[in-house]
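Chemist: Below: one structure in structure tokens.
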Amino acid sequence: MVLLGVRGVVVVKHSLQTGPCVAARAPADTVPVTDAATANAIQAVWRIESAKLIAGLTRVVRDVGLAEELAQDALVAALERWPTTGIPDKPAAWLMATARNRAIDQMRRRQTADRKYAELGRDLQEQEQEAPDYDTALDDDVGDDLLRLVFIACHPSLPTESQIALTLRMLGGLTTDEIARAFLVQDTTIQQRIVRAKRTLAGINAEFELPRGADRAARIASVLTVLYLIFNEGYSATAGDDLTRPALAQEAMRLGRVLAGLAPDDGDVHGLVALMELQASRMHARTNAAGEPVLLLDQDRSRWDQSLIRHGLAALARAEQLGNGTGTYTLQAGIAACHARAHQAGDTDWARIASLYDALAVQARSPVVELNRAVAHAMAFGPEAGLALADALMGEPSLRAYHLLPSARADFLAKLGRNDEARAEFERAASMTQNMRERTLLLGRAAEL
């Protein structure tokens with residue numbers, strides 16, 4: 001849940017407690033390149049084209065791990081050659097051709113390969129003899145290939161942390177180091193998770209095919225959950241010295257837009273895109289020049305990104321058209337839209353937000369949703385209403401270490417003039433959070449009382 005709090009209202013979100021995981025190979029961008037400008041250009045090409053490249057190779061070799069290895073081998077070759085030869089006119093086609101040549105070489109070396117790989121080798125050699133247009137080949141069926149890759153990355157046999165890592169690695173083109181830094185874990189942890197994920201996919205012989213019917217609906221729900229968790233961690237970091245990790249949130253939005261293009265008639269997809277874009281529109285206003293948190297009612301709304309707001313509202317309209325506005329992501333996007341449409345904090349339609357949270361509690365009841373609902377009711381109907389709902393959550397086991405529950409109660413108590421109780425709750429919340437910016441904010445609130 002990503003609802004930004006206001007003065008006296010907390011930020012409440014689902015906490016991502018496990019870091020992601022990513023590719024087992026050493027990242028190819030560790031290859032030394034003397035020409036910095038060329039190296040940066042190569043990295044830009046890789047970020048843009050890597051997902052299509054891996055998806056196209058997976059369709060050919062039917063093995064996502066092998067496809068990624070071939071793609072990375074091609075990237076290494078580019079890092080070695082392009083500083084001397086220059087970047088080709090069609091860099092994506094060059095990478096695909098190089099990767100396919102590597103696949104042919106592997107087939108020739110593997111004298112004991114099974115029939116599947118022998119046939120693959122013959123097919124690739126025939127394609128090579130026919131001098132194919134690799135640029136066209138890369139674009140053929142790219143939509144289906146990318147969607148297949150999305151479903152493989154979020155295969156139900158993988159734990160969530162592995163799904164997140166594979167998504168960032170194969171669709172986002174992030175290196176193991178980048179993902180490890182984003183989630184504050186060691187490179188080795190990321191690499192080990194990726195190794196296990198690839199072994200799992202190979203062990204179950206995961207098919208590179210689009211699931212259908214109920215299976216597809218269930219799988220796309222997992223994909224959306226992964227993007228949601230990635231965005232949440234970027235929007236409000238679980239731990240560390242920074243309140244946000246904008247690059248991670250931007251990557252989740254980019255992948256969401258890709259998915260919306262691949263599944264244009266899925267209301268939940270558009271709902272999630274709307275939610276992320278509307279929330280991200282406030283990113284720059286969430287901190288001051290010193291990196292300290294600025295709560296919603298105190299934010300300079302002129303710093304909100306109007307382009308993201310327009311795109312988010314358009315995606316919300318599409319989601320409501322496709323799904324009648326009842327999906328969980330669409331409901332949350334509707335809440336974010338109430339904030340986006342309010343030019344001044346006092347213009348916020350808190351009654352509407354409270355009603356949307358009531359609907360969300362019916363659709364996806366959880367302790368975190370209920371805590372958000374308490375915040376909304378406090379703003380709409382007074383702190384007593386919010387405190388009553390928050391107090392009902394005090395015995396919830398899953399919230400025992402959740403710092404935002406005592407933080408919310410502290411806000412409500414302070415508004416009711418019960419300062420001693422509020423100060424104790426702010427201090428308790430500060431002792432529970434892993435994020436240093438949030439801790440500083442909470443201790444400051446306690447000191448004010």
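Chemist: For region 207-448, I need the span (max minus min coordinate) of the C-alpha atoms along each principal axis, in Å, sorted largest to smallest.
Modeler: So the extents along the principal axes, rounded to whole Å, are 59, 38, 38.
Chemist: Could you order the peptides 439-448, 158-167 from most to least packed, using the average number of other C-beta atoms within 10 Å per residue?
Modeler: Top to bottom by mean Cβ count within 10 Å: 158-167, 439-448.
Chemist: Another question about this same structure. Go through region 206-288 and name the trypsin sites (Lys or Arg not before Pro) that are in a DSSP coil and have 13 or fewer other Cβ atoms within 10 Å of their Cβ.
Modeler: Arg212
Chemist: Still on this model: Between Arg310 and Asn419, what is 0.36 nm times their sequence separation minus the Cα-Cα distance? Round to one decimal in nm.
Modeler: 35.1 nm
Chemist: What nm value, rounded to one decimal, do you get for the distance between Phe381 and Ala221 when each label is placed 7 Å out toward the C-beta?
Modeler: Inter-label distance under the simple model: 2.9 nm.
Chemist: Just want the answer: with Cβ charges of +1 for Lys and Arg and -1 for Asp and Glu, which residue in Ser307, Leu278, Ala252 is farthest toward the dipole's positive end in region 207-448?
Modeler: Farthest towards the positive pole: Ser307.
Chemist: Only residues of region 214-250 count here: report those whose backbone N is under 15 Å from the spot 7 Å along Cα→Cβ of Gln186, or say none.
Modeler: Zone members listed by number: none at all.
Chemist: Give the calculated FRET efficiency between Ile48 and Met436 to the nearest 0.05, with a Förster radius of 45 Å applied to their Cβ-Cβ distance. Don't skip to the end; give the middle numbers.
Modeler: Values: r = 35 Å, r/R0 = 0.77.
The value I calculate is 0.85.
Chemist: Would you calculate the volume per residue, in Å³, of the smallest convex hull containing every Cα atom of region 288-382?
Modeler: 112 Å³
Chemist: Something else: How large is the charge dipole for region 212-301, taken about the Cα centre, if only the Cβ atoms of Lys, Arg (+1) and Asp, Glu (-1) carry charge, to the nearest 20 debye?
Modeler: Here the size comes out at about 280 debye.
Only the coordinates and a few stated rules stand behind these numbers; no lab work does. Quantities reported herein were computed from a predicted structural model and do not represent experimental measurements. Because the Cβ atoms are built from the backbone with ideal geometry, glycine has one as well, and the counts that use them run over all protein chains shown.
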